[in-house]
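What follows is a single structure, written as structure tokens, with notes after it.
The values are calculated or read from the model by the stated rules, or taken from the named source; none is laboratory data. Just so you know, these numbers come straight off a predicted model, no measurement behind them. Ideal geometry is used to build each Cβ from the backbone, glycine not excepted, and the neighbour counts take in all protein chains shown. The accessibility values were calculated without ligands, DNA or RNA, using every heavy atom of the protein model including side chains. Shrake-Rupley method; radii C 1.70, N 1.55, O 1.52, S 1.80 Å.
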Amino acid sequence: GGSYGTRAALVYLKRHEDSVRSVVLDAVAPPDMRLPLFMARDSQRALDLMIDDCAKDAACHKEFPKLRESSVAMFAHAAAKPRIMFVHPRTGKSAEITVSQRLVASIVFSSLYDPVATSLLPRLITDAAQGNYQGLLTLGFSRDLPKGAMSEGMFLSVVCAEDMPRIQPDDIVRESKDRFLGTALFDTRMKPCEFWPKGEVAEDFYEPVVSSKPVLIFSGQDDPVTPPSWGEHVAQSLKNVKHFIVPGAGHGSSAIGCAPKLMSEFLDKASVADLDGSCLQSQHRPPFFVNYTGATQ
């Protein structure tokens, strides 16, 4: 299972352990996660890691020596809802539009899922902090999913039943405070839960999954929604588990570097005993774009 699929896999393991041989989890979203409560916290972590990594990179730090300050300035500027001229990247037509802090935060949030898109952010954040949102908005359009790629109805039917009933207003205030994403997801995408039909959830759904079956877990070090802490959380109650944290990876890391080889070896043997994840340490986030053409001047 990957992302929400890890929750489905964990529930299956709990209910049908005798029918399970081995389990692979990539980007763990456990049943007790309470989506999307911690996304503001976890995406802030991913943004902070990106800024820290830029400061450690000679070329990135030279070009963007005050990236953290630029990030703060960008969100403050967008909060004033400036009217700007924008050239649509698909039609080439110009239009005057209103930028908002919520729009900017949503683009940054979705970009953090993908390390390649994240590598553009230092350049785009710096430009947006100075009032030039063209690059950031263009990146936002590039992150659009094709029509029908995700069923919003199914999403709401799941999350409104499994997660939202366990989230209180005080939880939202606490977890969104001083984080760039704020309450955006609750103000928009989760609003239909106020009236959406809700199914019944089993009493033991949120309890830890305890099993002796072999489980292999992958977590992306820079994942903005299912960071390694969630993999560790699930691993605590599993008795036969190995958790690999993939450097430089975002949301989903089982296809990166030697991870497919490790997964194949695990599935062949149904054992985590001799899995050596040291080969993953050669992975790293892509080079930062210092300009709009690439990582070098």
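Taking amide H atoms as placed 1.01 Å from N in the peptide plane, the amide H of Phe218 lies under 5 Å from those of Leu25, Asp26, Ala27, Phe244, each 5 or more residues away in sequence or on another chain. Restricting the chymotrypsin sites (Phe, Trp or Tyr not before Pro) of region 224-297 to loop positions (DSSP other than H, G, I, E, B) with no more than 13 neighbouring Cβ atoms within 10 Å leaves Tyr292.
Modelled this way, with points 7 Å down the Cα-to-C-beta line, the labels at Ser282 and Lys239 are 3.7 nm from one another. Sparse packing (at most 16 other Cβ atoms within 10 Å of the Cβ) combined with a DSSP loop state is found for the following trypsin sites (Lys or Arg not before Pro) in region 9-117: Arg21, Lys66, Arg90, Lys93.
Where a ≥ b ≥ c are the square roots of the eigenvalues of the C-alpha gyration tensor, would you call the chain rounded, which needs a/c under 1.5, or, failing that, prolate if a/b is larger than b/c, or oblate? Oblate, since a/c reaches 1.5 and b/c is not below a/b. For the chain, with only Lys/Arg (+1) and Asp/Glu (-1) charged at the beta-carbon, what is the dipole magnitude about the Cα centre, in debye rounded to 20? In debye, rounded to 20, the chain gives about 740.
Close amide H contacts of Ser211 (hydrogens built in the peptide plane, cut-off under 5 Å, sequence separation of 5 or more or a different chain): Lys239. Considering only Ser254, Ser282, Ser111, the mean-square fluctuation computed in a Gaussian network model of the chain, springs between alpha carbons under 10 angstrom, is largest for Ser282. Looking at region 61-103, the pairs of alpha carbons with a distance over 15 Å make up 57% of the total. Each of Ile84, Met150, Pro197 was placed along the dipole of the chain (beta-carbon charges, centred on the mean Cα), and the one lying farthest toward the positive end is Ile84. So how far, in whole Å, is the C-alpha centre of region 120-169 from the one of region 269-295? Each part reduced to its Cα centre gives a spacing of 25 Å. Pairwise Cα distances in region 117-193 exceed 17 Å for 63 percent of all pairs. Element breakdown for region 17-130 at a 1.4 angstrom probe: carbon and sulfur atoms account for 53% of the accessible area.
All other residues with a Cβ under 15 Å from the Cβ of Pro36 taken together, and with Lys, Arg as +1 and Asp, Glu as -1, what is their net charge?
Neighbourhood net charge equals +1.
What ranking of Asp187, Asp32, Asp127 comes out by heavy-atom accessible area, probe 1.4 Å, highest first?
Output order, biggest surface exposure first: Asp187, Asp32, Asp127.
Calculated mean residue ellipticity, 222 nm, the chain: -12000 deg cm²/dmol, from DSSP H runs (n ≥ 4) at -39500 (n - 2.57) each, averaged per residue and rounded to 500. Each residue was assigned an accessible area with a 1.4 Å probe, and for Met263 the value is about 50 Å². In the context of the full protein assembly, Leu35 retains an accessible surface of approximately 30 Å², using a probe radius of 1.4 Å and ignoring ligands and nucleic acids. Ranking Ala273, Gly294, His243 by how far each Cα lies toward the positive end of the dipole of region 229-297 (charges on Cβ) leaves Gly294 at the top.
The phi torsions of region 264-269, fed into the Karplus equation with coefficients 6.51, -1.76 and 1.60 and a -60° offset, translate into couplings of 4, 4, 5, 5, 5, 9 Hz, rounded to whole numbers, with Gly and Pro shown as x. In the chain, taking the dipole from charged Cβ atoms about the Cα centre, the farthest positive-side position among Met33, Tyr12, Ala55 is held by Ala55.
Heavy-atom accessible surface of region 205-255, averaged per residue, reaches 34 Å², computed with a 1.4 Å probe. Overall, the accessible surface of region 142-234 at a probe of 1.4 angstrom is composed of carbon and sulfur to the extent of 55 percent. Just check region 26-156 against the gyration tensor rule for me: Cα atoms, a ≥ b ≥ c as the square roots of the eigenvalues, rounded for a/c under 1.5, and otherwise prolate or oblate depending on whether a/b exceeds b/c. Note, shape of region 26-156 comes out oblate. Sorting the segments 159-172, 214-227 by their residues' average number of neighbouring beta-carbon atoms within 10 angstrom, most packed first, yields 214-227, 159-172.
In a DSSP loop and with at most 12 other Cβ atoms within 10 Å, the trypsin sites (Lys or Arg not before Pro) in region 222-297 are Lys239.
Take the alpha-carbon centre of region 195-263, take the same for region 1-56, and report the distance between them in whole Å. Taking the Cα centre of each part, region 195-263 and region 1-56 sit 5 Å apart.
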